[in-house]
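Report on the structure given below.
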Amino acid sequence: MERYPMTPPTHTRLKEELHRLKHVEVPANIQDIEIARAHGDLRENAEYHAAKEHQSHLAGRIAYLEGRVSLAEVIDPSKITMDRVAFGATVTLENLDTEEKVTYQIVGEDESDPSNFKISIKSPLARAMMGKAVDDDFVLKTSAGEKEYAVITIQYK
């Protein structure tokens with residue numbers, strides 16, 4: 001079975017969301033369905049259909065979260081001491097064509113946020129830099145062509 005790497009804060013956030021859905025959202029949804037049923041004819045009852053649709057969305061999200069939490073591989077980047085790029089690394093790269101520098105943290109899929117410079121371990125950029133050390137160069141193939149990068153710094157925090 002595939003394991004899902006994630007940082008401790010994300011694991012906690014997913015467990016809290018799962019608990020909230022099971023113990024707050026689902027009971028409230030059950031009550032909404034009961035109230036809508038009391039309004040009569042279910043074929044033309046928009047409230048009932050909306051509540052049942054919400055129930056379906058809740059069930060899907062709960063199943064997703066249960067799978068993620070149960071197969072989580074929780075990794076604390078602050079406890080990693082490596083000199084190569086791996087999960088949890090905060091890596092500063094230099095685009096060798098433009099000399100532009102950018103810093104990314106490699107995180108799990110559930111915590112990926114490119115606008116905040118957190119990229120998924122499964123992203124093409126993260127995969128291209130895995131195992132690289134400071135001063136290593138690598139090429140990233142994109143639809144716009146190839147981009148060459150150099151690893152400037154690697155930190156685990």
Cα extents of the chain per principal axis, largest first, Å, are 70, 37, 27
So for region 77-156, using the alpha carbon gyration tensor with a ≥ b ≥ c as root eigenvalues (a/c under 1.5 gives rounded; past that, a/b versus b/c decides prolate or oblate), I'd call it oblate
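Suppose we keep just the DSSP beta bridges with both residues in region 68-156; what percent of those would be antiparallel, to 5?
Around 85 percent of the beta bridges assigned by DSSP in region 68-156 are antiparallel ones.
Sorting check: for 139-148, 7-16, 32-41, which peptide has the highest mean count of neighbouring beta carbons within 10 Å, and how do the rest follow?
Values: 139-148: 10.3, 7-16: 15.9, 32-41: 12.6.
The densest-packed peptide leads the list: 7-16, 32-41, 139-148.
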GLU148 and ALA38 label points (each 7 Å along its Cα→Cβ direction) are spaced in nm at 7.2
To the nearest 20 debye, the chain has a Cα-centred charge dipole, built from +1 on Lys and Arg Cβ and -1 on Asp and Glu Cβ, of 440
Any aspartates and glutamates whose Cα falls less than 15 Å from that of LYS132, other than same-chain ones fewer than 8 residues away, would be ASP83, GLU94, GLU148
Once the in-chain neighbours fewer than 8 apart are removed, the lysines whose Cα is under 16 Å from LYS101 read LYS118, LYS147
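Read-outs throughout are calculated quantities, based only on the coordinates presented, and are distinct from any laboratory measurement. Every value quoted in this text rests on a predicted model; they were computed, and no experiment measured them. All Cβ positions, even for glycine, are placed from backbone atoms using ideal geometry, and neighbour counts span all protein chains on display.
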